[in-house]
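A short write-up of the structure that comes next.
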Amino acid sequence: MKIQVKVDMSNCKFANSETILDLIDEALKEGAVNVQRHARELAPKDTGALANSITVENPKRLKYVIAPHTDYAYYIEEGTSGHIITGNYWLWWDGADHVVHEVNHPGNRPYLYMEIAMRLEAEIIGARVEKYISRI
């Protein structure tokens, strides 16, 4: 699961202007960092590993990717339905009265921490791009 913040300049008559491209890239970067901040704030905290795993990457100019990097991030974002857990080594721990072989898990509600983070910032990113371009 990842969020991409990017601008397609292929039909823009100013696409060859380095100044405009730099300003738009700066606006997108600021927006991506804000999405990351919101997502980290909204992510549920147990150990903090999920929130700390959310990064911003810049694979190419005018494109930023915000994504969590844990194997369970998707399930926290989208939630899960009820399910049976079997054969998991976490079903026994020191001090437990007996080993549990199967657990009926009721499921988890969706947290939508990434979706909400993007919604909070989406309009602001567009306004920021316009503001940065108006500098020229």
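The values are calculated or read from the model by the stated rules, or taken from the named source; none is laboratory data. Only a predicted model underlies this, so the values are computations on that prediction, with no experimental measurement involved. Backbone-built Cβ (ideal geometry, glycine too); neighbour counts: all protein chains shown. Each accessible area value is taken on the protein alone, full model and side chains, heavy atoms only, with ligands, DNA and RNA left out. Shrake-Rupley method; radii C 1.70, N 1.55, O 1.52, S 1.80 Å.
If you check D25 against the conditions, is it more than 19 Å from E77 (Cα to Cα), of a type in the set (D, E, K, R) and either buried (at least 17 other Cβ atoms within 10 Å of the Cβ) or modelled with pLDDT of 90 or more (or both)?
Working: more than 19 Å from E77 (Cα to Cα): yes; of a type in the set (D, E, K, R): yes; either buried (at least 17 other Cβ atoms within 10 Å of the Cβ) or modelled with pLDDT of 90 or more (or both): yes.
Yes: the conditions hold for D25.
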State whether the residues of the stretch 48-56 include one that is open to solvent by 100 Å² or more (accessible area, probe 1.4 Å), more than 18 Å from M118 (Cα to Cα) and not in a helix (DSSP H, G or I). no
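Please determine whether any residue of the stretch 84-93 is exposed (fewer than 11 other Cβ atoms within 10 Å of the Cβ) and touching a strand residue (DSSP E or B) at 6+ places or on another chain (Cβ under 7 Å). Even if it seems obvious, please write down each step before you answer.
Taking the stretch 84-93 as the starting set, the residues that turn out to be exposed (fewer than 11 other Cβ atoms within 10 Å of the Cβ) are 84, 86-87, 89-90, 93.
Filter again for touching a strand residue (DSSP E or B) at 6+ places or on another chain (Cβ under 7 Å), leaving 84, 86.
Within the stretch 84-93, one or more residues are exposed (fewer than 11 other Cβ atoms within 10 Å of the Cβ) and touching a strand residue (DSSP E or B) at 6+ places or on another chain (Cβ under 7 Å).
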Can you find, within the stretch 105-136, the residue that is modelled with the highest pLDDT among those that are part of a helix (DSSP H, G or I) and farther than 22 Å from R40 by Cα? A127
Can you name the residue in the stretch 10-49 that is over 17 Å from G126 (Cα atoms) and acidic (D, E) and, of all such residues, is nearest to the chain's Cα centre (by Cα)? E41
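Output the number of residues of the stretch 99-122 satisfying the condition of being small (G, A, S) and touching a residue at least 60 places away in the same chain (Cβ under 8 Å). Spell out how you get there, then give the answer.
Here is the first cut: in the stretch 99-122, the ones small (G, A, S) are 107, 117, 122.
Narrowing the set further to residues that are touching a residue at least 60 places away in the same chain (Cβ under 8 Å) leaves 117.
So the count comes out to 1.
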Note on W93: of the conditions (1) farther than 30 Å from T19 by Cβ; (2) in a helix (DSSP H, G or I); (3) free of Cβ contacts under 8 Å to residues at least 12 places away in the same chain, unmet is (2)
Hits in the stretch 35-56 (condition: farther than 13 Å from Y72 by Cβ, out of contact with any strand residue (DSSP E or B) (no Cβ under 8 Å at 6 or more places or on another chain) and of a type in the set (A, V, I, L, M, F, W, C)): L42
Condition first: outside any helix (DSSP H, G or I) and small (G, A, S). Can you find one or more residues in the stretch 21-40 that meet it? no
